[in-house]
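To start, the structure under review is shown below, and the notes come after it.
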Amino acid sequence: MTSMLQSVVEAGTGGRVQSLGRSVAGKTGTSDDFHDAWFIGYTPDILTGVWIGFDRRRSLGERQTGGRVAAPIWLEFMHAATQDPPLRNFKIPEGIAIMHIDPRTGLRARPGGPSLLECFRRRTEPTVYAKAPVYADPVLFPGLLAARSSEDGF
């Protein structure tokens with residue numbers, strides 16, 4: 001779960017809290033019509049959440065999302081709250097394997113290929129490596145690129 005929530009910070013809607021400069025996991029949230037927005041986040045040492053909204057149902061305004069309005073407040077608080085504790089990473093529980101996975105296939109990433117880190121319970125991780133994509137040489141197959149481009153609308 002922590003790995004998934006770290007992805008929210010590293011590559012998703014909670015990206016602005018990366019500037020905390022330590023291991024962070026979290027989740028942004030926004031209700032329909034922007035009535036509520038929140039960010040719940042944690043480090044290995046502290047968990048806190050910020051909710052933004054009105055007591056009576058009304059919109060915060062267009063595009064006022066958890067990542068935009070709640071995460072900055074969370075970040076400001078966490079800068080103060082984490083000044084002194086040493087930098088620590090999240091602990092990986094026993095029985096968990098972390099490996100590079102090919103994002104297209106879900107198989108093990110081949111060396112040098114596209115990859116992202118994923119967690120698995122030991123002995124459930126993929127054992128087969130993704131195959132390298134096959135590309136047609138446009139010099140040998142000049143009509144293939146033209147036919148493909150017209151099919152795709154390029």
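Relative to the longest principal axis of the Cα atoms of the chain, helix 71-81 runs at roughly 60 degrees.
To the nearest 20 Debye, how big is the dipole of the chain about its Cα centre, given +1 on the beta carbon of each Lys and Arg and -1 on that of each Asp and Glu?
340
Taking the dipole about the Cα centre of the chain, with the C-beta of Lys and Arg at +1 and of Asp and Glu at -1, give me whichever of ALA11, PHE77, VAL128 is farthest to the positive side. Of the candidates, VAL128 comes out farthest on the positive side. Longest stretch of the chain clear of exposed loop sites (GluC sites (Glu not before Pro), DSSP loop, at most 12 other Cβ atoms within 10 Å, sites excluded): 1-61.
Within the listed set GLY12, GLY112, GLY21, the residue fluctuating most in the Gaussian network model of the chain (springs between alpha-carbon atoms under 10 angstrom) is GLY112. Counting only Cα atoms, the chain measures 65, 43, 25 Å along its principal axes, largest extent leading. For segment 1-59, the solvent-accessible area of protein heavy atoms averages 59 Å² per residue (probe radius 1.4 Å; ligands and nucleic acids excluded). Calculated mean residue ellipticity, 222 nm, the chain: -6000 deg cm²/dmol, from DSSP H runs (n ≥ 4) at -39500 (n - 2.57) each, averaged per residue and rounded to 500.
When the solvent-accessible area of the chain is split by element, carbon and sulfur atoms take up 55 percent of it, the probe being 1.4 Å.
A simple spin-label model places the labels of ASP45 and GLU62 4.2 nm from each other, with each point 7 Å out along Cα-to-Cβ.
The values are calculated or read from the model by the stated rules, or taken from the named source; none is laboratory data. As the structure is a computational prediction, the values presented were derived from the model and not from experiment. Note: ideal-geometry Cβ built from the backbone for every residue, glycine included; neighbour counts use all protein chains shown. Accessible surface is based on the protein model in full, side chains and every heavy atom, while ligands, DNA and RNA are left aside. Shrake-Rupley method; radii C 1.70, N 1.55, O 1.52, S 1.80 Å.
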